[in-house]
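Visitor: Just dropping this structure here.
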Amino acid sequence: MDTTPAPALDAPPASTLSADERAAILDAVRDFAAAEFAPHTLEWDARKHFPRDVLRRAGELGLGGVYVNDDVGGAGLTRADAVAIFEELAYGDPTVTAYITIHNMVAWMIDTYGTEAQRHRWLPGLVAMDDLGAYCLTEPGAGSDAAAIATSAIRHGDTYVLTGVKQFISGAGEASVYVVMARTGEPGARGISAFLVPADAEGLSFGPNEKK
C-alpha cells in the first residue's frame, strides 16, 4: 500500500484586495444595509414583500455578481470576500441577504459552467440585478437530497422537455432565469444535470407562496 501523502492543493486566496480596499467595500455594504434593508425588514416580512427596487440598487453596488468574472461585469472577488459582504448585508435583513446569496450562486454557476453564449446572454443582467436568478433543487418528495429528485429531462431533438415539481424556491415567480436540476440518467446523484430555464419557457408555472 502506497503511504506517500498526496500533494497539497493550493488554497484559493482569502482575498485579492488590500486591507484598505476590503475595509472600504465592507463599509459601503454596511451603510447600504443600514439604509436600504434595516428600516424595512419587519414590514417586508409581514407583507411577504419582494423588494425588486432595492435589489436593483444592490446590483448598482456590485452585489449581483460578487464572485463572477469581470469580463461580464462581475466584481471578481473571492468567496471569502463574499462571506464578509453577505455577513454585513445580513445585519440589515437576513432574509433578503439569503436570496442575494442564492442569486450570486446562480450567477457563478452560469459563469463557471455555462457556454460563452450563455454567459454573455445572462450574466450582465444578473450582475446588475436587472434580471434575477433562482436555483431549483428541492422537491416535495425529495427535500434537498439531489440523489432522490424525480424531475426528469427527456431529449427531443435539440431541446429537452423537463417534467416535475420544485418546492421552496427562493425568487420563484420573480426570477428571469432558473437553474433547474433534473434527471437525465441513472438513479442517484450521477444522473442529475443542470438546465437553464428562462422565465418565459413554455409550460413553466408557479403555485402560491408557502405559508412559513
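Visitor: Among the residues in the stretch 163-178, are any among the aliphatic types (A, V, I, L, M) and farther than 22 Å from Gly64 by Cα?
Guide: So far as the stretch 163-178 goes, yes, one or more of its residues are among the aliphatic types (A, V, I, L, M) and farther than 22 Å from Gly64 by Cα.
Visitor: Whether any residue in the stretch 118-141 is more than 16 Å from the chain's Cα centre (by Cα) and of a type in the set (A, V, I, L, M, F, W, C) is what I want to check.
Guide: no
Visitor: Can I ask one more? Of all residues in the stretch 183-212, which are under 17 Å from Gln118 (Cβ atoms) and in contact (Cβ under 8 Å) with a residue 12 or more places away in the chain? If you could, list the steps in order and put the result at the bottom.
Guide: Of the stretch 183-212, the ones under 17 Å from Gln118 (Cβ atoms) are 193-201.
The answer is Ser193, Ala194, Phe195, Leu196, Val197, Pro198, Ala199.
Visitor: Does Ala58 satisfy the condition of being surrounded by fewer than 16 Cβ atoms within 10 Å (Cβ to Cβ) and in the same structural domain as Gly73 (by TED's automatic domain parsing)?
Guide: On the way: surrounded by fewer than 16 Cβ atoms within 10 Å (Cβ to Cβ): no; in the same structural domain as Gly73 (by TED's automatic domain parsing): yes.
Judged against the criteria, Ala58 is not a match.
Visitor: Identify, please: which residue in the stretch 133-149 is over 15 Å from Val180 (Cβ atoms) and in contact with a helix residue (DSSP H, G or I) (Cβ under 8 Å, 6 or more places away or on another chain) and is, among those, surrounded by the fewest Cβ atoms within 10 Å (Cβ to Cβ)?
Guide: The residue in question is Gly141.
Visitor: Taking the conditions exactly as written (closer than 29 Å to Leu61 by Cβ and not hydroxyl-bearing (Ser, Thr, Tyr)), does Gly173 satisfy them or not?
Guide: Values: closer than 29 Å to Leu61 by Cβ: yes; not hydroxyl-bearing (Ser, Thr, Tyr): yes.
Taking the combined requirement at face value, the residue satisfies it.
Visitor: Looking only at residues that are aromatic (Phe, Trp, Tyr) and surrounded by fewer than 20 Cβ atoms within 10 Å (Cβ to Cβ) in the stretch 64-113, which one is farthest from Trp44 (Cα to Cα)? Give the derivation first.
Guide: First, the residues of the stretch 64-113 that are aromatic (Phe, Trp, Tyr): 67, 86, 91, 99, 108, 113.
From what is left, the residues that are surrounded by fewer than 20 Cβ atoms within 10 Å (Cβ to Cβ) are 86, 91, 113.
Working: Phe86: 19, Tyr91: 15, Tyr113: 34 Å.
Here the residue is Tyr113.
Visitor: With Ala128, Ala146, Ala134, Ala107 as the choices, which residue is of a type in the set (Gly, Ala, Ser), touching a Leu at 6+ places or on another chain (Cβ under 8 Å) and at pLDDT 95 or above?
Guide: Ala107
Visitor: Since Val66 meets every condition but one in (1) touching a Leu at 6+ places or on another chain (Cβ under 6 Å); (2) over 16 Å from Asn104 (Cβ atoms), which condition does it not meet?
Guide: It fails just one condition, (2).
The values are calculated or read from the model by the stated rules, or taken from the named source; none is laboratory data. What you are looking at is a predicted structure, and each value in this text was computed from that prediction instead of being measured. FYI the Cβ positions are ideal-geometry reconstructions off the backbone, even for glycines, and counts take in every protein chain you see.
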